[in-house]
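Here the structure is laid out as structure tokens; the discussion comes afterwards.
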Amino acid sequence: MAPRALGMDAFEIDTQWIDADSDGIRPEFDQTYGSLGIRLDGKWATSFATQSGVRGERLEVPSYSIAEWMAENWWALLFEPKKTDIAEADLGFRSRHWVGTARDGFVLPDLWIYPVGRRTVHITAKSASFVHARTELLTSCEAYGSVSDVTRSLAAFVSKTIKRLKDRGLESTRLQEVWAAFKKLDEDERRFCELMGALGLSPYESHSDIQAQLLAISEGTSERVAAEFCEAAGEADFLEAAADMQHALNALNSEPEIDLARLFGISMPSLPGPAWQLGRQMARRVRESLDIDDTDQHGGQHFFDVFGIDRVVREPGLREMEEPVVHGALRRADTRVRMNLIRKDSSSRRFDAARSCFLAWDQSADGERLVTRARVRDQQASRTFAAELLAPARYIKSRVKNNLLSPYHAATIAEELDVSQTVVLWQAKNNGIVVVGAHGGTWT
């Protein structure tokens, strides 16, 4: 079942102050001690039980470390999505998005906050056990909230903590310094901070080379392209990815125009659920419109033939790697689209061409955009669309016995469909086929 959307007041983080001994070595902790409650869509992420039998919905902890962590990582929390399926294993990403980073020896929820697009934030909590505190957190829940609503909830908590510090005579903490700098930003500076945050970098620290080039990108491309680039790139691959993006955008002028009027004539619904649902449904709508059977081995090629997409796929690409930061770029003008694809492998280029068609179709206005590795809603939906269009689940199921698929058999099916083995494996795993001997993970 898809997590349902959060209402305006459904993400709540608040503390009720408790007077504590102020003689400790961390007065900012002592003076912000309180009863912390975090609720997601009516469920207490802070619900706990101790080995001695005490149960409750709020944790008695200082709010300072959480508030400071939020302020320090503000722009990443709200604007840096996952860039790969294993992002949560990356220590840098984890430090910016996992509330456990701010524990400082106290019990805090196993809670993650990260965006899944420019308008939506995913918040998830899992039950956890703390042996040293003989305490268990009981609740597992997740939900999606708008960036504006989550921003209000986080800002209210940080502001309340800062007011408590001031009321107790503390006015020069790191939290207050960071928040004061945040408050002074003008609109242009905030937009730049959003891009830095999307890259996973703090705008309060010096990254001179990246900041200079990012400024050039933001001034030389549309706001959407700059955001899409930063959602996909990171500090380590920024320069190479920027060069790939510029190459792809420049190459659009020499690419053939493809008329996708027939595709754009198919209505695209607004589905609030997971991205894969939208991508899968739109692939099915395309097949119905073009009278393509979902067990047709050549159905994906028929789609390419209808729109003349092979003209783009046949052109050479730049990158051998399986998943570069930028996969390509496209430009839509009314119903006509130009696309430039980065990867060299022909099956990968076919996949990225199908993704480009979806992203152009999903685009509400003319202009340029990128095809990237980012795990945000529209990019994720484009992956599922391309996978289902080029490697239909029903075709794969028709080629397996006893609902089992080995990597070797997946490679054979991939060759039949002219897609990568990875696409077949993920399609199988995400459609109830047992994959034997393949690496773990999920496609969407």
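The values are calculated or read from the model by the stated rules, or taken from the named source; none is laboratory data. Computed from a predicted model, the values in this text were never measured in an experiment. Please note: Cβ atoms are built from the backbone with ideal geometry, for glycine as well, and neighbour counts cover all protein chains shown.
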Original post:
Taking helices (runs of 4 or more DSSP H) that fall entirely within the stretch 143-238, which contain at least 1 residues that are out of contact with any helix residue (DSSP H, G or I) (no Cβ under 6 Å at 6 or more places or on another chain) and within 28 Å of Pro62 (Cβ to Cβ)?
Top reply: 147-167, 174-183
**OP:** Would you check which residues across the stretch 138-168 are more than 18 Å from Trp74 (Cβ to Cβ) and in contact (Cβ under 8 Å) with a residue 40 or more places away in the chain and list them?
**Re:** Leu138, Thr139, Cys141, Glu142, Ala143, Tyr144, Arg164, Arg168
**OP:** For the stretch 39-64, enumerate the residues that are farther than 15 Å from Ile123 by Cα, buried (at least 23 other Cβ atoms within 10 Å of the Cβ) and of a type in the set (Gly, Ala, Ser).
**Re:** Ser63
**OP:** Go through the stretch 217-266 and count every residue that is of a type in the set (Val, Ile, Thr) and in contact with a strand residue (DSSP E or B) (Cβ under 9 Å, 6 or more places away or on another chain).
**Re:** 3
**OP:** Would you check if there is a residue in the stretch 358-365 being under 24 Å from Met282 (Cα atoms) and either assigned by TED's automatic domain parsing to the domain that holds Leu425 or among the charged types (D, E, K, R) (or both)?
**Re:** yes
Original post:
(1) in contact with a Gly (Cβ under 7 Å, 6 or more places away or on another chain); (2) within 30 Å of Thr422 (Cα to Cα): which one isn't true of Arg58, the others all being true?
Top reply: (2)
Original post:
Looking at the stretch 159-203, which of its residues are surrounded by fewer than 16 Cβ atoms within 10 Å (Cβ to Cβ), under 19 Å from Pro27 (Cβ atoms) and basic (Lys, Arg)?
Top reply: Lys163, Lys166, Arg174
Subject >> Enumeration of residues in the stretch 374-414 that are among the aliphatic types (A, V, I, L, M) and part of a loop (DSSP other than H, G, I, E, B) >> reply: Ala374, Val376, Ala391, Val400
**OP:** Could you run through the stretch 228-252 and say how many residues are within 19 Å of Met339 (Cα to Cα) and either outside the structural domain of Arg343 (by TED's automatic domain parsing) or in contact (Cβ under 8 Å) with a residue 12 or more places away in the chain (or both)?
**Re:** 12
Subject >> Lone qualifier among Asp209, Asp237 - being acidic (Asp, Glu) and surrounded by 13 or more Cβ atoms within 10 Å (Cβ to Cβ) >> reply: Asp237
Original post:
Pairs under 6 Å by beta carbon, first residue assigned by TED's automatic domain parsing to the domain that holds Gly145 in the stretch 14-43, partner among the aromatic types (Phe, Trp, Tyr), six or more apart or different chains?
Top reply: Ile18/Tyr33; Ala20/Tyr33; Glu28/Tyr64; Phe29/Tyr64; Thr32/Tyr64; Gly34/Trp17
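Yes/no matrix, rows are residues, columns are (1) at pLDDT below 95; (2) more than 30 Å from Gly42 (Cβ to Cβ):
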{"position": "Glu136", "(1), (2)": "no, no"}
{"position": "Glu171", "(1), (2)": "yes, yes"}
{"position": "Val178", "(1), (2)": "no, yes"}
{"position": "Arg190", "(1), (2)": "no, yes"}
{"position": "Ile217", "(1), (2)": "no, yes"}
**OP:** Looking only at the stretch 70-100, count how many residues are surrounded by fewer than 22 Cβ atoms within 10 Å (Cβ to Cβ) and over 18 Å from the mean Cα position of the chain (by Cα).
**Re:** 2
Subject >> Among residues of the stretch 415-426, those that are part of a helix (DSSP H, G or I) and either of a type outside the set (Phe, Trp, Tyr) or on the phi > 0 side of the Ramachandran plot (or both), counted >> reply: 8
Subject >> Those residues of the stretch 71-108 which are within 28 Å of Asp378 (Cα to Cα), in contact with a Leu (Cβ under 9 Å, 6 or more places away or on another chain) and aromatic (Phe, Trp, Tyr), in sequence order >> reply: Trp74, Trp75, Phe79, Trp98
Original post:
How about the stretch 303-330: which of its residues are over 28 Å from the mean Cα position of the chain (by Cα) and either surrounded by fewer than 16 Cβ atoms within 10 Å (Cβ to Cβ) or not assigned by TED's automatic domain parsing to the domain that holds Ser346 (or both)?
Top reply: Asp305, Val306, Gly308, Asp310, Arg311, Arg314, Glu315, Pro316
Original post:
Quick check: is even one residue across the stretch 383-395 crowded, with 24+ Cβ neighbours inside 10 Å, touching a strand residue (DSSP E or B) at 6+ places or on another chain (Cβ under 8 Å) and under 19 Å from Ala275 (Cα atoms)?
Top reply: no
